[in-house]
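The values are calculated or read from the model by the stated rules, or taken from the named source; none is laboratory data. In this text, all values refer to a predicted model and were calculated from it rather than measured experimentally. With ideal geometry, Cβ positions are generated from the backbone for all residues, glycine too; neighbour counts draw on all protein chains shown. Please note that ligands, DNA and RNA were not included when accessible areas were found on the heavy atoms of the full protein model with its side chains. Shrake-Rupley method; radii C 1.70, N 1.55, O 1.52, S 1.80 Å.
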Amino acid sequence: MLLSACIAMGFAAAQPLIVLDMEQCLAGMGNDTVLKYDTLKFVGALQGLVNREEPRLLIRFLGGTGPNGPINVDDYWLSRMRESWLRDRAVERIETLEALFEKFPEASKGAVLWDQDVAATANVASTICGVKGWLPVRAGGELYRRIVENGPKLPVQMSLAGMFDGSETGSRKCDAYRWAQREFLDKGLCNDALMAYYIDGYSQEPGKPGFHYPDLANAGLANADYYIARKAFFFDLSPWDDEAPVDDPGQKPGTDCATLRGLLASLHRLNGGKKMATVGGFVPWNLKYTNFGPAGSQHEPVPAEWTYAAILSSYNAIMDADALGLVGMANASAYAHFPLKKRYKQNPRPALQPLEPKTYVLVYMGDYDSAAWLSGSIPNVWDDPVRGSLPIAWAFNPNLADRAPYVFDYVYRTKTPNDWFIAGDSGAGYLNPNLLAGDRLGSGLPDALGLWTRHNKAYFKRFDYSITGFVINGFHGAMPVRIQETYTRFSPDGVGMQLGFEKSIVGKTPFVRHVSDIYPDLNDLDKTAAQMAHFARAEKPQFPIYRMILQKPSTLAAVRDRLEAKYPEHRWLFCDPYTFFDLYRRAIPNQKRSESIH
């Protein structure tokens, strides 16, 4: 058969998968943290463009932890991908920008220059990259000298330098975002259901942006590829309406917040209110918008998170919360092409257990409301050899399958009879469900409870979910029965709550409030067991839900053993989530019992 005929029929051999060793590439740049920052930003943007239709370019970048110590997370996932999906793809490894330009001539299409004196333009340039295909380069920086003035001589297609003077809003920062909103979002050139909230080019040391990221993994630069591939709108704005942010102290207080609300309103207009939008990223609380260290605000970090979540909720948006610590996620633009099955099945539902005077424990194993946290944690928590020895409710938010589908396929393929999957906060995405109805913080949007139900049903059906482990309403109070009824439609087997609610059982769906977050002291698990035992009551049966974050099965098993040995009078039984909620349902015969906030 002629080669041309093979190509026409789709039988041509796949091109090699190029893997750029980012560690080696950056190591050759010495101590120039600005050049490293700019290079990673450039490469992540290029990935988004070249991986838009299929996997072509990966980077080797992120460090992490496995059961036996330090690993490279990107090596880990590439090896998993090559077990099945990419097993027939040859891999070609490179280490320099020069080699990258040779392999991907589209990298030379052109540059959009961003202005380090208006840090917001770093994000505006990422938006432009997704829409126009021009790669972001800092105006006048070392990378500019290497690849625009010299080397491949990228043509400058647009320069944002000097464009924004604050004449529109009194803020050069907000002027940049409002210009980008008009030019790209309002005109329908961006994705109608995806945004990206990652820190811009801000620096606490004038003239040296990027210096505060010796750990570039927490800069979020590697995360941009997924959002650029999907033409997302990038921003970094304060959620507070009562103060000027530390990165723009001269603005009228609340200008950032008003700009943020304007972006979300534009996105809602774009999708006609027919989609729940996803916003990747998180409040950069260690550097801006809180009172942590030098971040320059009067507000605490958790209230900053909750205020931001409330704003998103009022505009039908959920958070894919890449928060500090595990911000980094590389190669999502490539791996998002992973061919998920249409349906995945959990283990068969467990047989009914007799209700006895015991302390029935459910441990919510989170927080997996971020694709970056999920992808980066799996090698350590999932590959723990103790997994399978006790029932665990893994709170993997199902909407994360959009950005990390490979994780879901892997955990479903390798689950044990003791591994169970539940949704985390607050279902198929993190929001405050109380703000889907009523005044909605003045957004003017209509009730979105039906939209939220449809959104969740699709994800819950695909992954065989029927339990939501933790619903966060932040500052917005107990859940009224109307919203409880909404949860019964997609989470019929149980709902765990941050705050109170009107009824313990609605229809046949039980609602249970968490008793405490538990942060194990790995050097003194007896202390952790004592902390959990503190919540045990003499009255039985009892149904405490404890929340643990990024913990391993081996840690949970060790704490359980200590509880059983040191506090046997409480008759501890660690449950799978289905048994837990079923027993609770049977223990609460009065469906009118109320739960108050405390």
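Once you have the Cα-Cα distance between ARG571 and ALA587, take 0.36 nm times their residue separation minus that, and quote the gain in nm to one decimal. Intermediate values should be presented prior to the final figure.
Working: separation 16, 0.36 × 16 = 5.76 nm, distance 1.64 nm.
Here the answer is 4.1 nm.
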Fill in: Built amide H within the under 5 Å cut-off of ILE422, gap 5+
TRP394, ALA395, PHE396
Practice prompt. Could you work out how far helix 449-463 tilts from the main Cα principal axis of the chain, as a 0 to 90 degree angle to the nearest 10?
Written response: 90
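Calculate what fraction, in whole %, of the accessible area of the chain sits on carbon and sulfur atoms when a 1.4 Å probe is rolled over the protein chains.
Details: 11430 of 22450 Å².
Carbon and sulfur atoms account for 51 percent of the accessible area of the chain.
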Practice prompt. Enter the angle in degrees (range 0 to 90, nearest 10) between the Cα long axis of helix 301-314 and the first principal axis of the Cα atoms of the chain, meaning the one along which they spread out most.
Written response: 80
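Out of all DSSP beta bridges with both ends in the chain, state the antiparallel percent to the nearest 5. Provide the component values of the computation, followed by the final result.
Numbers: 9 of 61 bridges.
Here the share of antiparallel DSSP bridges comes out near 15 percent.
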Worksheet, complete the sentence: Amide H neighbours of VAL361 at under 5 Å, excluding residues fewer than 5 places away on the same chain, with H built from the backbone geometry, are LEU573, PHE574, CYS575
Response to the item:
Percent relative contact order for region 291-413, counting Cα pairs under 8 Å at least six residues apart, stands at 32
Worksheet item: Given the rule -39500 (n - 2.57) for each run of at least 4 DSSP H residues, summed and divided by the residues of the chain, what is its mean residue ellipticity at 222 nm, to the nearest 500 deg cm²/dmol?
Response: -9000 deg cm²/dmol
Worksheet item: Taking the Cβ-Cβ separation of VAL156 and HIS534 as r and a Förster radius of 60 Å, what is the calculated FRET efficiency to the nearest 0.05?
Response: 0.45
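Rounded to the nearest whole Å², what accessible area per residue is found for region 399-519 with the 1.4 Å probe?
Numbers: 3580 Å² over 121 residues.
Heavy-atom SASA per residue in region 399-519 reads 30 Å².
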Worksheet item: Computed from the mean reciprocal separation of all distinct C-alpha pairs, what Kirkwood hydrodynamic radius does the chain have, in Å?
Response: 25.2
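Place a +1 charge on the Cβ of each Lys and Arg in region 312-356 and a -1 charge on the Cβ of each Asp and Glu, then give the dipole magnitude about the Cα centre in debye, rounded to the nearest 20. Write out the running numbers ahead of the final one.
Working: 5 positive and 3 negative charges, 87 e Å.
Roughly 420 debye for region 312-356.
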Worksheet item: For region 327-450, what value does the Rg/Rh ratio take when both radii are computed over Cα atoms and Rh is the Kirkwood radius, given to two decimals?
Response: 1.04
Worksheet item: Whose amide H sits under 5 Å from the amide H of PHE234, counting only residues 5 or more places off or on another chain, with H placed in the peptide plane?
Response: THR127, ALA196
Fill in: Probe 1.4 Å - accessible area at GLU142, Å² to nearest ten
60
Discussion item. Explain nothing, just the number: relative contact order of region 74-174, from Cα pairs under 8 Å at least 6 residues apart, as a whole percent.
Written reply: 26
Worksheet item: Where does helix 121-132 land angle-wise versus the long Cα axis of the chain, in degrees 0 to 90, nearest 10?
Response: 80
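Which links in LYS153/LYS187; LYS41/LYS231; LYS415/LYS566; LYS461/LYS503; LYS109/LYS173 stretch past 22 Å when you go from one Cα to the other? Walk me through the numbers on the way to the answer.
Working: LYS153/LYS187 31 Å; LYS41/LYS231 16 Å; LYS415/LYS566 31 Å; LYS461/LYS503 26 Å; LYS109/LYS173 27 Å.
Listed pairs above 22 Å: LYS153/LYS187; LYS415/LYS566; LYS461/LYS503; LYS109/LYS173.
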Worksheet item: How large is the dipole of the chain about the Cα centre if only Lys and Arg carry +1 and Asp and Glu carry -1, each at its Cβ, rounded to the nearest 20 debye?
Response: 2260
Worksheet, complete the sentence: region 456-527: relative contact order from alpha carbon pairs under 8 Å, six or more residues apart, as a whole percent, is 28
Item to complete: Calculate the length of the line joining the C-alpha centroid of region 18-52 to that of region 535-564, in whole Å.
Response: 43
